[in-house]
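Take a look at the structure below.
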Amino acid sequence: MGNIIDGKVIAKNLKMEIKEQIDKKKAEGLRGPCLAAVLAGSDGGSISYTNNQKKLCDELGVEYRKISLSDKVSEKEFLELLDRLNNDKEVDGIIIQLPLPKHLDEKKITSRLSYLKDVDGLTDINLGKFYKGESSFVPCTPQSIIKLIKNTGCSIEGKHAVVVGRSNIVGKPAAALLLSENATVTICHSKTKNLKEVCKSADILVCALGKPSFINKEYVKEGAIVIDVGTTMVEGKIKGDVLFDEVMPIASFLTPVPGGVGAMTTTMLIKNTCEAWIKNVY
């Protein structure tokens, strides 16, 4: 029987550190940090994520501005909004909820973000610095994945890590971070042949494909660490990519959904926002 990796518990200590920092700076007379989240449309995973952001910001003393846009918003309107947020001196961090409606050019929109406020590491500047190993804002979900794996007490070095999904926001940066920890990394995607066999060879399996309950016991090696990044709304509930009840007896460690990666990711987002805030107010 595997062990649950509880993202809520792991995030708790980090939240305490963040709140202590915010309270200290406020006591010195500084305004608190401010995060702006831009949501276009009604993607279930994004709505759940913004709800969690709001709850955590309220808890830690961070001002939270959620800007909800129609799924038919024009690219021009979206870019103008980003320009206003970039120039607002009281906004420290900006996150654009992905995926965007299909008529919007994701690369063009994310590139419009100020890299100084890009707390989810989406801009070309932050991504370039990240892949070169320089100081930058690192995407929050991949950061969370590494922290959760390390919390098991198992070493990443020398392990075979398989990442299912090649998105710019999760799959690719997660693979890069695993590589930086000296894992041997395989990235799988929709064109991968023999997906089951590749997944079953993994010591560490990161599932970020966005297909609820897709990964069953046939994809998992006995004793593997399984990180479920999936957040798909199914009949009003958030579902992960992993069929939890089937995989739990096989894996050594498994993250639940909700309460796993998502719980950590929101905390990492606020951590990055606080770093941007400190740079902004000084």
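Just wondering, is there one or more residues in region 89-104 that are surrounded by fewer than 17 Cβ atoms within 10 Å (Cβ to Cβ), not charged (D, E, K, R) and not in a loop (DSSP other than H, G, I, E, B)? No, because not a single residue in region 89-104 is surrounded by fewer than 17 Cβ atoms within 10 Å (Cβ to Cβ), not charged (D, E, K, R) and not in a loop (DSSP other than H, G, I, E, B). Do we find that Glu28 is surrounded by fewer than 19 Cβ atoms within 10 Å (Cβ to Cβ) and closer than 22 Å to Ile169 by Cα in this structure? No: the conditions fail for Glu28.
Touching a helix residue (DSSP H, G or I) at 6+ places or on another chain (Cβ under 9 Å) and over 22 Å from Ser155 (Cα atoms) - does that describe any residue in region 198-210? Yes, some residue in region 198-210 is touching a helix residue (DSSP H, G or I) at 6+ places or on another chain (Cβ under 9 Å) and over 22 Å from Ser155 (Cα atoms).
What pairs come up if the first residue lies in region 1-15 and is touching a residue at least 12 places away in the same chain (Cβ under 8 Å), the second is of a type in the set (S, T, N, Q) and surrounded by 12 or more Cβ atoms within 10 Å (Cβ to Cβ), and their beta carbons are under 6 Å apart, counting only those six or more places apart or on different chains? Going by the 6 Å Cβ cut-off, the qualifying pairs are Gly2/Ser252; Ile5/Thr255; Ile10/Asn151; Ala11/Thr267; Leu14/Thr267; Lys15/Thr267. Determine, yes or no, whether Ser144 is of a type in the set (Gly, Ala, Ser), free of Cβ contacts under 8 Å to residues at least 60 places away in the same chain and not assigned by TED's automatic domain parsing to the domain that holds Arg65. Spelling it out, it is not the case that Ser144 is of a type in the set (Gly, Ala, Ser), free of Cβ contacts under 8 Å to residues at least 60 places away in the same chain and not assigned by TED's automatic domain parsing to the domain that holds Arg65. Against the test of being assigned by TED's automatic domain parsing to the domain that holds Ala202 and not acidic (Asp, Glu), the options Val281, Val229 yield a single qualifying residue, Val229. Against the condition farther than 30 Å from Lys239 by Cα and either in the same structural domain as Thr231 (by TED's automatic domain parsing) or in contact (Cβ under 8 Å) with a residue 40 or more places away in the chain (or both), how does Leu56 come out, does it pass? For Leu56, the condition - farther than 30 Å from Lys239 by Cα and either in the same structural domain as Thr231 (by TED's automatic domain parsing) or in contact (Cβ under 8 Å) with a residue 40 or more places away in the chain (or both) - is not met. Going through (1) out of contact with any helix residue (DSSP H, G or I) (no Cβ under 6 Å at 6 or more places or on another chain); (2) within 30 Å of Lys211 (Cβ to Cβ); (3) at pLDDT 95 or above one by one, Ser74 falls short only on (2).
Candidates Ala176, Ala224: the one that is closer than 21 Å to Gln143 by Cα, in the same structural domain as Ala161 (by TED's automatic domain parsing), crowded, with 24+ Cβ neighbours inside 10 Å and over 14 Å from the mean Cα position of the chain (by Cα) is Ala224. No other residue among Ser68, Ser46 is part of a strand (DSSP E or B) and either at pLDDT 95 or above or within 20 Å of Asp118 (Cβ to Cβ) (or both) apart from Ser68.
The values are calculated or read from the model by the stated rules, or taken from the named source; none is laboratory data. The structure presented is a predicted model; accordingly, all values stated were derived computationally and were not measured. Ideal geometry is used to build each Cβ from the backbone, glycine not excepted, and the neighbour counts take in all protein chains shown.
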